[in-house]
Structure formats: C-alpha cells, structure tokens
Amino acid sequence: MALKKVLTLRTVVATSAGLTLSSSTFIAAVQVAGFLAGDAAWLAILTGGLLCITAALCFSELNGLIPSAAGIRLYYSRAFNDHLALVVSLLYMAVILGVIGAESYVLSEILHEAIPLIPPMAWILVMFSVVTGMNIIGIKIAGWFQDAITYGMMLSLTVLALMALAKVDFHLTAPLVTGGTANFVNAVAVGVFLFVGFEWVTPLAEEVTHSKLISRGMLLAIGILSVTYAFFTTAMTALVPREVLANSPTPHLIFARTLLGDAGVPIMLALTLAASITTFNAGLISISRFVYASAREHVLPAVFSKVSMRFFTPWVAVISIFILGVVISTIVLITHRYLTLVNMAAAMESIIYVLAGISVILLRKKMPDAKRPYRVRGGYVIPGISAVVFSVLAIAIFITFPRVFICLALGILLSSLYVNHVVPVLKRRHQQKKAAARRRRPVASAEKAGD
Amino acid sequence: MATHKEITNSLLAFQEGYNKNKKLKIMNRDWNRVILIKATDVESEHTLKLEDGELSVKEGAPEDPDLVVTSDSETLADLFYGDITPTEPYMNGTLVLKGSEDDIVRLDFISLMIWGE
C-alpha cells in the first residue's frame, strides 16, 4: 500500500544533521579541543562520530523492527519493561529541555554581543515567545527550508574553516598528541554531544517508504557532521588561542571576528540563528508532543492534553514548556553553568546509546523471528561495542564532572519516584472514569447475545 | 477478537460523534485525507475519508491512503468507540500508524475532541 506523501533521503539527512547542529555544539567542540594537548581534536571528533555510527546502526535495527514515532519509549519498553522506558524517556526529555535552555543562553549571548543595547534576558524571552507562538499557531519549518539551512550551514562552516586554515598557513604539527588516554576518553565523551539528536530522525519512520532510508540518513548525517566539525574545530583552535575560546560562551563569534573582522559578526550571527532555529523549534515541538502524548497515556495530568480548538495544537503542553524553558534559561543566565547542561546531555545521550545497544541484543533474543528490514552485521559485536564504549564514556563524564553525576542521579530518582507513585494513581483514576462510561461493550455484548 | 461488523459499528459511532461536533468540522475543512483502517487478526478494511470537513466511512481499502492505521480488531473497535485513547496502544506498539507525524497527531486530536480524555 503506497502512501501519498513520503520523505526523501536528502530531507532525512538534513533533519538528522540539522537537529544536531546548534550553537551549543561550538562550545562542546572547544571543550573537546581543550582536553587535548596537540592538534588531536579532529581525532577525538572522528572517533566520537565513529562511535555514534555504532549507536546509529543499533537505532537502525530497532527502527526497522519497530517503526514508530514513539522511538526509544517503545524500543526500551519491549526490550526491558515499560517502567524503565518511562523513567528514561521522562529524564531524557528533561535533559533535552536543559539543552534548549543552554542553547537559548548561548544564542542570547551572541545576539547581545551583536546588539549590546538589548540584554540577553530580553533575547531569551523573544526567542521563546516566537517559537512558542509558532508552535501554538502550528507553523512548521518546511522540509525544503530545513534542507537549505542544514546544507548551507555545513558548507559555510567548511568554507570558513578552510579560509582560517589558509590564513594561518596551517600545518598539522601534533595530529596524534592527545596528552594521555584519560584526556582522549574525556574529549571523545564530550565529543558525543556534537552528535546529540541525530537519532531524533527515527520518528520519521512512519513517513518514509523504506526504513532503510532512516538508517542511511543517520549514517550519512554523522559522517558529514564528523568531517565538518573536525575541520571547523581544528580551524577555530588554530586561529584563536584555546584559552580565549574556552572562556567564552560564544567561541564561534570570536573565531569569525578574528577571521573576517567586524564583517564576521553578522555572518556568524546568521549562521548561529540558522543553526539554532531548527534545533530550538524541533526540540520544543518534540517535548511538547511528548508531554501531550504522556497526558493522553495518563502518565502526566490530563490538563496537558488540552488542544486548542482554533489551531489544533496542544496549547497547555506548549505553554508549560515555554515557562519551564524560560526558567531554565534564566537559571543558566544567572549561574553561567551552561557547560553542566552540555555535559549532562552528553552523559544522558551516552546512556541512551548504551540502552540502544543492549536493546538490540535483548530483542534479538525476545523476538528472534520478527521481521527486521535492517540487521546489524557481525552478531552481537557492534551492539556490544556500543553498549560497552558508551558506558565507559558516561562514566568518564561522571568522574570528570561529578556535578553531572549528581544531577542525573537526582533526575533518575525523581523520575522513578514519579513513575512508581504518581503514574499508577493517574492511571487508576482514568480507569475508574472510563469503566463507568464504556461505550463499546454493552453494544458488542447485545449484538453477540442476539447472534 | 472483534468482528468486522463491530469495527464498522465503532467507525460509525466515531462518524456520528464527529458529525455532532460542528467546530471540529470547521477545523477540518482544509484537512482532506484518506485513511485506511486495517485489522491484523480478522479480514477487515475500512476507509475513512475527510473531505471539506465531512467524514465518510466506507468498507474496503482505498488506493492511495494518506494514513494507514493498523491494529488488532479489539483495539480498533475500542479505539473508535473511544473506550481507549490511541496513545496507549500506540505507545505499547499494538497500534501501528503509517503516515506523516502531523497527520497522526491530528487524528489523535480528533479522537480526543470526539470522545474526551
């Protein structure tokens, strides 16, 4: 049965890469370089990309096996249990909201630098209001626009990187000098953040003709991003001293100014806005839809499932996310702890990949005969590597940044408490209400009795 | 296991609920979609057609649907009678939807507006 509307590989790649490209990634890229002694940032980024490919292969198998926009919620529910799937999904969404908070902070700092008259808080409010307004009215970024932004962005970053490398007459002097294994592991662990969100393309599984398109799209996106990031990070650190970049929430703006003078500011401003708008918008849409779906599933209070009769959008969920997002951004603005959120996202993403690897293994045992349009070759090797390596990377982040460990542990505890104690009450209440108003059974029973 | 007739009746109940809601009809004036409803455990296919805000139900499959809703007969009957929300079976994988994410969300909104939470 053919569907009328289907997505192309070009749009799948653009969506996967576009959700990943954001303003915060430049900060993570500088952090990666900061861990290493020589010019080995490229090596850490490519290694991070390669490792993310193992995770992408796992997601490809899971996505082919269970092609659903419910994504990890459904994969983990089938592989482990619904309780764990729910705890992880709730926490993941909270972390993504944190990333959006960090993203809006970085963007507001850049806009403030470009137009100092307007304070960062005003920019945060403007950005959140615009995106919230778009989500309430139901305006979506068109596929062609997403394609143009993503490919244009990657091309521009590569061109800027080549210009910078030419300007300093760059030669790799210490391409493999990492400064030790621990430093390299930490650099790769943070480097994972550069690819955060590539798997968000899996909800498109229901919009493509073949699930293999999603696999190919994810792999291509990671490959292209790895090369772009490697080039750009090498160029940034070659042109501007690392200490200068590391102490700023806007390293890419410093880079552009150093490279092109004042003309670099509007160029980088445009690129940053382009990078952020897709991530920001997609992030808010994903979270608000998750909140709405959770309310429909009676995991969150029913009020979150209220839909606007005018625009057909879940307005309570959207406005709640707006409030939470502004609160998080304000906290980041006051504390300047955006790196904690970046590292937290890197650790959370590693945990998601660990569980994806284990899910592939468990589901092969639980559902051995289920149809798999794509199966990771080499038995359990790649899912095993994904599970083990990302566990090591998550631990590395926890050791280096104990605050991240504390925050995530607290998050898991709160999420578990909620799932254990609040969700059963919400579900019970709904069951009681529904049982009294059941429509089908009396009719069905009457008909069967008549038969 | 529900019968083909039960699924038909559930879809007619869904259509009746839809037709009673004038606002919903106005909201869907621009949302012209052909939806295939397919049971996995009994021979049962239906076509839901939304055109200019009007909803029609027909037995049999369309040629080129915008959205395909597949599940076991029990789930489909319960779903279109509004005894369960689409989200519950969707999240546990019993209900499989094929089509644009926006269309899937819209269908859920319609179900919510007809049957409530």
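Taking interchain pairs and intrachain pairs at least six residues apart, which have beta carbon atoms under 8 angstrom, with the first residue in region A:309-323 and closer than 20 Å to B:Glu101 by Cβ and the second charged (D, E, K, R) and open to solvent by less than 70 Å² (accessible area, probe 1.4 Å)?
A:Phe312/B:Arg106; A:Pro314/A:Arg289; A:Ala317/A:Arg289
Which count do you get for residues in region A:329-344 that are over 23 Å from A:Ala122 (Cβ atoms), surrounded by fewer than 24 Cβ atoms within 10 Å (Cβ to Cβ) and among the aliphatic types (A, V, I, L, M)?
1
For region A:1-86, which helices (runs of 4 or more DSSP H) that fit wholly inside it have 3 or more residues that are within 14 Å of another protein chain (Cβ to nearest Cβ) and on the phi < 0 side of the Ramachandran plot?
Counting at least 3 such residues, we get A:9-20, A:41-65, A:72-79.
Which count do you get for residues in region B:14-30 that are exposed (fewer than 15 other Cβ atoms within 10 Å of the Cβ), more than 15 Å from the chain's Cα centre (by Cα) and within 18 Å of B:Gly82 (Cα to Cα)?
Residues in region B:14-30 being exposed (fewer than 15 other Cβ atoms within 10 Å of the Cβ), more than 15 Å from the chain's Cα centre (by Cα) and within 18 Å of B:Gly82 (Cα to Cα): 1 in total.
Go through region A:371-386 and report how many residues are of a type in the set (A, V, I, L, M) and closer than 18 Å to A:Ile72 by Cα.
Adding up the residues that qualify gives 1.
Of the conditions (1) farther than 28 Å from B:Leu95 by Cα; (2) modelled with pLDDT under 90, A:Ile334 satisfies every one except a single condition; which number is it?
Result: A:Ile334 passes all but (2).
Being of a type outside the set (A, V, I, L, M) and either at pLDDT below 85 or open to solvent by 30 Å² or more (accessible area, probe 1.4 Å) (or both) is the filter here, so list the residues in region A:32-55 that pass it.
A:Gly34, A:Phe35, A:Gly38, A:Asp39, A:Trp42, A:Thr47
Would you confirm, using the coordinates I've provided, whether A:Ser108 is in a helix (DSSP H, G or I) and within 14 Å of chain B (Cβ to nearest Cβ)?
In short, no.
Out of all the residues in region A:354-376, is one or more of a type in the set (Asp, Glu) and surrounded by 16 or more Cβ atoms within 10 Å (Cβ to Cβ)?
No, there is no match, as no residue in region A:354-376 is of a type in the set (Asp, Glu) and surrounded by 16 or more Cβ atoms within 10 Å (Cβ to Cβ).
Any residue in region A:357-378 that is aromatic (Phe, Trp, Tyr) sitting within a Cβ distance under 9 Å of a residue that is open to solvent by 60 Å² or more (accessible area, probe 1.4 Å)? List the pairs, counting only those 6 or more apart or interchain.
Partner pairs satisfying both residue conditions: A:Tyr374/A:Lys212.
Consider B:Val96 against the criteria (1) in contact with a strand residue (DSSP E or B) (Cβ under 8 Å, 6 or more places away or on another chain); (2) facing another protein chain (nearest Cβ under 9 Å); (3) open to solvent by less than 40 Å² (accessible area, probe 1.4 Å); (4) of a type outside the set (Lys, Arg): it satisfies all of them except one. Which criterion is unmet?
(3)
Rundown of residues vs (1) modelled with pLDDT of 90 or more; (2) surrounded by 22 or more Cβ atoms within 10 Å (Cβ to Cβ), yes/no style:
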{"residue": "A:Asn247", "(1), (2)": "no, no"}
{"residue": "A:His252", "(1), (2)": "yes, yes"}
{"residue": "A:Phe255", "(1), (2)": "yes, yes"}
{"residue": "A:Gly283", "(1), (2)": "no, yes"}
{"residue": "A:Arg310", "(1), (2)": "no, no"}
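Across region A:159-184, what is the total count of residues that are open to solvent by 40 Å² or more (accessible area, probe 1.4 Å), out of contact with any Gly (no Cβ under 9 Å at 6 or more places or on another chain) and on the phi < 0 side of the Ramachandran plot?
So the answer is 12.
State yes or no: is A:Ser308 touching a Ser or Thr at 6+ places or on another chain (Cβ under 7 Å) and farther than 20 Å from A:Arg73 by Cβ?
Spelling it out, it is not the case that A:Ser308 is touching a Ser or Thr at 6+ places or on another chain (Cβ under 7 Å) and farther than 20 Å from A:Arg73 by Cβ.
So, in region B:99-114, exactly how many residues are of a type outside the set (A, V, I, L, M), more than 8 Å from chain A (Cβ to nearest Cβ) and open to solvent by 20 Å² or more (accessible area, probe 1.4 Å)?
Adding up the residues that qualify gives 0.
Would you pick out the residues in region B:63-117 that are of a type in the set (S, T, N, Q) and over 17 Å from B:Leu24 (Cβ atoms)?
B:Thr70, B:Ser71, B:Ser73, B:Thr75, B:Thr87, B:Asn92, B:Thr94, B:Ser100
Pick out the one residue from B:Glu54, B:Glu16, B:Glu63 that is acidic (Asp, Glu), in contact with a strand residue (DSSP E or B) (Cβ under 9 Å, 6 or more places away or on another chain) and more than 7 Å from chain A (Cβ to nearest Cβ).
Unique residue meeting the criteria: B:Glu63.
Mind listing whichever residues of region A:128-177 are charged (D, E, K, R), modelled with pLDDT of 85 or more and assigned to a loop (DSSP other than H, G, I, E, B)?
Within region A:128-177, just A:Asp169 meets the criteria.
Restricting region B:31-49 to residues that are surrounded by 18 or more Cβ atoms within 10 Å (Cβ to Cβ) and more than 13 Å from chain A (Cβ to nearest Cβ), which is farthest from B:Gly82 (Cα to Cα)?
The residue in question is B:Ser44.
Can you name the number of the only condition in (1) among the aliphatic types (A, V, I, L, M); (2) surrounded by 19 or more Cβ atoms within 10 Å (Cβ to Cβ); (3) farther than 20 Å from B:Asp72 by Cα that B:Leu11 fails?
Result: B:Leu11 fails condition (3) only.
Please state which of the following conditions B:Gly82 fails to meet, knowing it meets all the rest: (1) touching a strand residue (DSSP E or B) at 6+ places or on another chain (Cβ under 9 Å); (2) on the phi > 0 side of the Ramachandran plot; (3) within 7 Å of chain A (Cβ to nearest Cβ).
(1)
The values are calculated or read from the model by the stated rules, or taken from the named source; none is laboratory data. Everything numeric here is computed off the predicted structure, so don't read it as measured data. Glycine gets a Cβ as well: all are built from the backbone with ideal geometry, and neighbour counts include every protein chain shown. Calculation scope for accessible area: heavy atoms of the full protein, side chains included, ligands and nucleic acids excluded. Shrake-Rupley method; radii C 1.70, N 1.55, O 1.52, S 1.80 Å.
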